[in-house]
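Trainee: For reference, the structure I am asking about is given below.
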């Protein structure tokens, strides 16, 4: 399977009264299917649209968010089937989860339960570091932007970055789906969960699924360049998450958890 996040596409561009023939870089979007069973006999669990690359991290992060990671003993590409990962483990539990509505497409949490269910699974994330400076928060999106090479070339991908309490960018992942980018980030950091004293910064809006994935990973601070939804803000308030939105142009809004921010 081709893991390139970009694909060249011929276009005609009209500019300054003149037509130009050239190639443009587009963000690749392809389905990734998770199947359960053996190479000889497997059943579908989930299909999501994503940018190829870091598929194992994406799968692990998604399974972690759905509370299914401990039911999986192995994840591997299904031979002869591009864009398919085979899960081995507790097939009965995994397929039961599918029947209960875990299977998702565009949305990382569609059908995966209520806020009350989330509240039973997590506790308030831990922040013992000094308060974050407003100046640092204001520059986090620009810092993430330096780790978005595919976006720079295509303009068509979201990104999620994990930062330490001092603002050091530790890792960053890109994908056409904002929730996929976060799943890749969490999946790569599973051995270090919970991520106390870390920040998640995304190039997207703050929907509920972003807040959910941060809480399940133990991340106490989320910074996004777009607006939060009402459910995201209410969930952040209820579960002790610091939620910052509209972080761009040197400005930002704090929707929950202002005590973690200095000044």
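Trainee: Please state the relative contact order of region 119-181 as a whole percent: Cα pairs under 8 Å, 6+ residues apart?
Mentor: Values: 60 pairs, mean separation 16.9, N = 63.
After rounding, I find 27 percent.
Trainee: What FRET efficiency would be calculated for the residue pair residue 143, residue 41, taking the C-beta separation as r and a Förster radius of 45 Å, to the nearest 0.05? Spell out each step's value before the answer.
Mentor: On the way: r = 47 Å, r/R0 = 1.04.
Working from the Cβ atoms, E equals 0.45.
Trainee: Measuring from centroid to centroid over Cα atoms, what is the spacing of region 1-45 and region 149-166 in Å?
Mentor: Cα centroid to Cα centroid, the span is 18 Å.
Trainee: Moving to a separate point now. Using only the Cα atoms of region 134-260, build the gyration tensor, take square roots of its eigenvalues as a ≥ b ≥ c, and label the shape rounded, prolate or oblate: rounded if a/c is under 1.5, else prolate if a/b is larger than b/c, else oblate.
Mentor: Details: a/c = 1.36, a/b = 1.18, b/c = 1.15.
The shape class here is rounded.
Trainee: For residue 56 and residue 129, compute 0.36 nm times the residue count separating them, minus their Cα-Cα distance, and round to one decimal in nm. Could you put the intermediate results ahead of the total?
Mentor: Numbers: separation 73, 0.36 × 73 = 26.28 nm, distance 3.13 nm.
Separation in residues times 0.36 nm, less the Cα-Cα distance, equals 23.1 nm.
Trainee: If you don't mind, there's one more thing I want to ask. Which value in deg cm²/dmol, rounded to the nearest 500, describes the helix-derived mean residue ellipticity at 222 nm for the chain, given -39,500 (n - 2.57) per DSSP H run of n ≥ 4 and division by the residue count? All intermediate terms of the calculation are to be shown ahead of the outcome.
Mentor: Numbers: 8 runs with 75 residues, N = 263.
After summing the helix terms and dividing by residue count, I get -8000 deg cm²/dmol.
Trainee: On alpha carbon coordinates alone, what is the Rg over Rh value for the chain, Rh being the Kirkwood radius?
Mentor: Here the Rg-to-Rh quotient is 1.00.
Trainee: Subtracting the Cα-Cα distance from 0.36 nm times the residue separation, let me have the gained length for residue 192 to residue 4 in nm, one decimal. Display every interim value, and only then the final one.
Mentor: Numbers: separation 188, 0.36 × 188 = 67.68 nm, distance 2.74 nm.
64.9 nm is the gain from fully extending residue 192 to residue 4.
Trainee: Shifting gears a bit: Please sort 202-212, 67-77, 252-262 by packing, taking for each peptide the average over its residues of neighbouring beta carbons within 10 angstrom, highest first. Show your work: numbers first, answer last.
Mentor: Values: 202-212: 23.6, 67-77: 14.8, 252-262: 17.5.
Going from most to least packed, we get 202-212, 252-262, 67-77.
Trainee: Quick one: compute the contact order of the chain, relative version, from alpha carbon pairs under 8 angstrom and 6+ residues apart, as a percent. Write out the running numbers ahead of the final one.
Mentor: Working: 575 pairs, mean separation 46.5, N = 263.
Once normalised by length, the contact order is 18 percent.
Trainee: Please order 128, 242 by the number of other Cβ within 10 Å, starting at the fewest. Show your work: numbers first, answer last.
Mentor: On the way: 128 8, 242 25.
With the fewest neighbours first, 128, 242 line up as 128, 242.
Trainee: What order, most packed first, do the peptides 219-232, 184-197 have when packing is the mean number of other Cβ atoms within 10 Å of each residue? Please report the intermediate quantities before stating the final value.
Mentor: Details: 219-232: 22.3, 184-197: 19.1.
Descending packing order for the listed peptides: 219-232, 184-197.
Trainee: Can I ask one more? Using 0.36 nm per residue, how much length does the chain from residue 152 to residue 121 gain when fully extended, once their Cα-Cα distance is taken away?
Mentor: On the way: separation 31, 0.36 × 31 = 11.16 nm, distance 3.75 nm.
Contour length minus Cα-Cα distance gives 7.4 nm.
Values quoted throughout were computed directly from the atomic coordinates according to the rules given, and no laboratory measurement underlies them. If you're wondering where the values come from, they're calculated on a predicted model, not measured in any experiment. No Cβ is skipped: glycine too gets one built from the backbone with ideal geometry, and neighbour counts run over all protein chains shown.
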